[in-house]
Amino acid sequence: MSKDILVPDIGDFDSVEVIEVLVAVGDTVAAEDSIITVESDKASMEIPAPEAGVIKELKVDVGDNVAEGTLMMVIEPAGDSPAEAPTEAPVAKVEAPVAVVEEVKAAPAPAPKAAPAAKPSPTASINEETFSKAYASPAIRKFARELGVDLGSVEGSGRKARITKEDVKGFVKKVMSQGGPSSKGGLGVAPMPEIDFSKWGEIETQPLTKINKLTGEFLHRNWVTIPHVTQFDEADITDLEAFRKSMVAEYKEAGVKITMLVFLMKAVVSALKAYPRFNSSLDASGENLILKNYYNIGIAVATPDGLVVPVVNDVDRKSLVELAKELGEISVKAREKKLKPSDMQGGCFTISSLGGIGGTKFTPIVNAPEVAILGASRSKMQPVWNGTEFEPRLVLPLSLSYDHRVIDGADGARFTSFLNRVLSDTRRLLL
């Protein structure tokens with residue numbers, strides 16, 4: 001009797017794509033042999049055969065989207081194969097039955113076609129020792145085997161840490177969303193070992209904040225998926241700083257704090273207009289560039305709970321004073337945890353300023369889906385040759401990181417050179 005093989009429960013995914021079919025019609029497979037590989041947006045996993053048998057029909061192909069319950073293939077279970085009829089000697093050869101029998105015995109039976117070697121999967125390797133010791137019901141054990149999940153790696157949420165079906169589904173979802181050794185674009189590196197640091201002295205464990213966790217996930221994704229290049233440069237801001245200080249005194253009574261950051265924002269907008277590729281994003285396919293005709297600048301703000309990046313919209317349409325007021329407001333909202341998700345969306349370009357803290361250079365990570373980010377370190381006085389003599393000038397270190405898929409090195413250098421010209425002459429901010 002043939003039996004339909006359906007896609008098992010693969011977690012909270014509406015559908016996943018078949019990226020590899022590991023068997024062919026006529027192949028003999030054993031229970032738990034991998035038969036197809038499916039992929040979510042970030043990771044892949046192999047689906048094992050629920051029982052041994054011979055593949056009779058394939059119902060899916062590479063590129064198909066499947067969901068729980070989709071018919072994958074038809075299998076003839078190993079125990080259901082009909083017995084072969086005994087070979088009878090032809091009537092014409094009754095005079096030599098022994099010879100006929102010997103000839104039949106000598107004919108070797110066709111060897112079953114071996115199943116292709118299964119590729120390693122992030123969930124298909126089961127440690128039988130830990131699997132057997134896991135606290136779970138027989139039904140959950142069967143369910144876990146269908147998905148190739150090692151119960152020894154699953155943390156139970158039921159009574160007395162009993163593993164539930166939701167725990168298994170959650171484990172699969174985590175693997176599919178975070179990626180493993182076989183995930184598309186993954187690094188395939190070994191996991192960090194678990195170390196008991198208390199063996200060497202007293203320790204204290206502090207849980208990461210929600211902002212820490214989210215920021216870590218986004219930065220890790222951006223770092224491993226974007227080919228970063230960082231361009232370093234220095235801008236002479238001697239005259240600009242003198243002008244800024246005069247504005248500080250003028251607007252002090254109004255409660256408006258004019259910082260170097262507002263000038264950087266205006267200078268960046270001028271540079272984005274001169275080099276539009278920096279004001280763009282790659283689409284989801286990575287094959288098209290989306291150029292933006294608006295100028296929203298994200299500002300990295302450090303808070304006690306972690307880094308956030310609120311966005312200032314329409315920087316090109318606002319004055320320096322308006323930008324200074326808005327920066328003051330969003331900084332307070334960020335530190336008081338009053339930022340809304342909409343306050344951190346729609347950015348075109350990000351600025352990360354460490355000038356108030358220190359440092360000379362650093363390599364900021366691109367804030368995807370943006371393609372570039374500017375880092376500013378602490379400015380310092382240094383001697384600069386003017387053609388006839390050295391004179392003291394205030395110099396601002398700049399670090400421009402960009403997505404090398406969109407921007408090449410020459411344009412990176414042109415962008416920072418343009419910023420230098422604008423920042424060195426405040427009149428250029430009016431252009």
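Return the loop-located trypsin sites (Lys or Arg not before Pro) in the range 11-62 (DSSP other than H, G, I, E, B) with at most 15 other Cβ atoms within 10 Å of their own Cβ; answer none if there are none. Present the calculation step by step, with values, prior to reporting the outcome.
On the way: sites: 42, 56, 59; in loops: 42, 59.
In loop regions of the range 11-62 (DSSP not H, G, I, E or B), the sparsely surrounded trypsin sites (Lys or Arg not before Pro) are 59.
How would you order 392-400, 149-157, 376-384 from highest to lowest mean count of nearby Cβ atoms within 10 Å? All intermediate terms of the calculation are to be shown ahead of the outcome.
Details: 392-400: 19.4, 149-157: 17.6, 376-384: 15.2.
By packing density, highest mean first, the sequence is 392-400, 149-157, 376-384.
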Contour minus Cα-Cα distance for residue 313 and residue 428 (0.36 nm per residue): 39.2 nm
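Report, in listed order, any pair from 273/361; 325/380; 273/338; 252/318; 266/380; 340/361 with a Cα-Cα distance greater than 28 Å. Display every interim value, and only then the final one.
On the way: 273/361 26 Å; 325/380 26 Å; 273/338 32 Å; 252/318 20 Å; 266/380 21 Å; 340/361 31 Å.
Listed pairs above 28 Å: 273/338; 340/361.
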Debye equation applied to the C-alpha atoms of the range 211-430, log10 I(q)/I(0) at 0.08 Å⁻¹: -0.28
Unit Cα scatterers, Debye sum, the range 237-277: log10 I(q)/I(0) for q = 0.22 Å⁻¹: -0.73
Stokes-Einstein diffusion coefficient of the range 369-431, Kirkwood radius over Cα pairs, 25 °C, 0.890 mPa s, in µm²/s: 179 µm²/s
Principal semi-axes in Å for the range 35-77 [√(5λ), Cα gyration tensor, largest first]: 20, 12, 8
Phi to ³J(HN,Hα) by Karplus 6.51 cos²θ - 1.76 cosθ + 1.60 over the range 364-381, Hz, x for Gly, Pro: x, 8, 4, 8, 4, x, 5, 10, 7, 8, 10, x, 10, 9, 6, 6, 8, 7
Using θ = phi - 60° and Karplus 6.51 cos²θ - 1.76 cosθ + 1.60, couplings along the range 143-153 (whole Hz; Gly, Pro as x): 4, 5, 5, 4, 9, x, 8, 7, 4, x, 9
Estimated FRET transfer efficiency when R0 is 56 angstrom, pair residue 405-residue 2 (beta carbons, to 0.05): 0.70
Calculated from backbone phi, Karplus (6.51, -1.76, 1.60) coupling profile of the range 218-231 in Hz, x at Gly/Pro: 5, 5, 5, 4, 5, 5, 8, 9, 10, x, 7, 9, 10, 9
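Here, each number is a calculation from the coordinates, and none is a lab measurement. Since the structure is predicted, the reported quantities are computational estimates derived from the model, not experimental observations. Counting neighbours? That spans all protein chains shown, and the Cβs are built from the backbone with ideal geometry, glycine included.
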